[in-house]
Amino acid sequence: MDGSVDPYRPARERMVAEQLVTRGVRDPRVLEAMRAVPRERFVPERRRGSAFDDRALPLDEGQTISQPYMVARTCELAAVPVGGRVLDVGTGSGYQAAVLAAMGLEVVSIERLEPLARAAARTLAALGYDVEVVVGDGSRGWAARAPYDAIVCAAAAPGLPPSWGEQLAIGGRAVLPIGSRSMQQLTVITRVGVSRFQSVAYEACVYVPLIGAEGWSS
């Protein structure tokens, strides 16, 4: 940032105080990243007045930018130490990737829709976030940069994609919505051994489907 007055800072502060802290988000790195990352730059310009609303917002290509609370909750549940490597599945506008980068993480973000990936990469670069954005089938992960300390996803899957299980480091976590196409639970799956996983389900949520070979077919 150039050091000039940030007119959106008060709105971000209110978002953190009213939508995150009151719901139990406590990780200081998550809260500071959510205060700092300019969410308004990751929504279509015509929707910037709604950037801090307590809901998901539509993007181009039929996709969405997730509700601020769900971004914060996902990043908190990932529990990755500074310097850890994260695969962000479903780049969308790049907002969640920016939050992860602001937390001091090495971020690879994969998007199946090339126009969204290009736009997100431009926004992230313009704001100074060091995120590697790649185009591909996120349901298969991104083996070239594995293993990951966490894989986080902004789309709903019927279960843990097998490729993600292989690409997680031992002790690594996948954080994703799991369930039907109409209703899911935010779930943490930890790789506790070469072929052993533990799963804990958290709050109910509704996300767009994870489309791909190891997600939903369409």
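So which residue, out of Gly136, Gly172, Gly62, gets the largest mean-square fluctuation from a GNM of the chain using Cα contacts under 10 Å as springs?
The residue that fluctuates most here is Gly62.
What residues qualify as long-range amide H neighbours of Val37, i.e. H under 5 Å apart, gap of 5 or more or another chain, H built at 1.01 Å from N?
none
Pop out the ³J(HN,Hα) list for segment 42-55 in order, Karplus 6.51 cos²θ - 1.76 cosθ + 1.60 with θ = phi - 60°, rounded to Hz; leave Gly and Pro as x.
Along segment 42-55, the couplings run 9, 10, x, 3, 5, 10, 5, x, 9, 4, 9, 5, 7, 6 Hz.
So how long is each side of segment 89-140 along the principal axes, counting just the alpha-carbon atoms, biggest first, in Å?
25, 20, 13
Roughly how compact is segment 1-106, stated as its Cα Rg over 2.2 N^0.38 Å to two decimals?
In units of the 2.2 N^0.38 Å rule of thumb, it is 1.02.
Quick one: 3J(HN,Hα) in Hz for segment 16-29, Karplus 6.51/-1.76/1.60 with θ = phi - 60°, rounded, Gly and Pro as x.
5, 5, 8, 9, 9, 4, 5, 9, x, 5, 10, 4, x, 5
Can you give me the long-range amide H partners of Ile65? Hydrogens built in the peptide plane at 1.01 Å from N, cutoff under 5 Å, separation of 5 or more residues or another chain.
Correct list: Leu57, Leu59.
Tell me, in nm to one decimal, what length is gained between Ala126 and Arg181 on full extension, where the rule is 0.36 nm per residue of separation less the Cα-Cα distance?
Gain on stretching Ala126 to Arg181: 16.3 nm.
Around Gly212, what is the net charge, scoring Lys/Arg as +1 and Asp/Glu as -1 over all other residues with Cβ under 9 Å from its Cβ?
0
List the relative contact order of segment 9-205 as a percent without decimals, with contacts defined as Cα pairs under 8 Å and 6+ residues apart.
Computed value for segment 9-205: 15 percent relative contact order.
Gaussian network model of the chain, Cα springs within a sub-10 Å range: biggest mean-square fluctuation belongs to which of Tyr129, Tyr148, Tyr95?
Taking springs between Cα atoms under 10 Å, the residue moving most is Tyr129.
By counting other Cβ atoms within 10 Å of each Cβ, how are Trp142, Trp216, Trp164 ranked from fewest to most?
Trp216, Trp142, Trp164
Run through the DSSP bridge list for segment 9-205 and note the antiparallel percent, rounded to the nearest 5. Each step should come with its number before you reach the end.
Values: 16 of 35 bridges.
If I count the DSSP bridges inside segment 9-205, around 45 percent turn out antiparallel.
Quick one: putting +1 on the C-beta of Lys and Arg, -1 on the C-beta of Asp and Glu, what dipole do you get for the chain around its Cα centre, in Debye to the nearest 20? Walk me through the numbers before you get to the answer.
On the way: 24 positive and 24 negative charges, 57 e Å.
I would put it at about 280 debye.
Read the figures in this text as sums done on the coordinates, not as results from a lab. All of these numbers come straight from a predicted model, not from anything done at the bench. All Cβ positions, glycine included, derive from the backbone under ideal geometry; neighbour counts span all protein chains shown.
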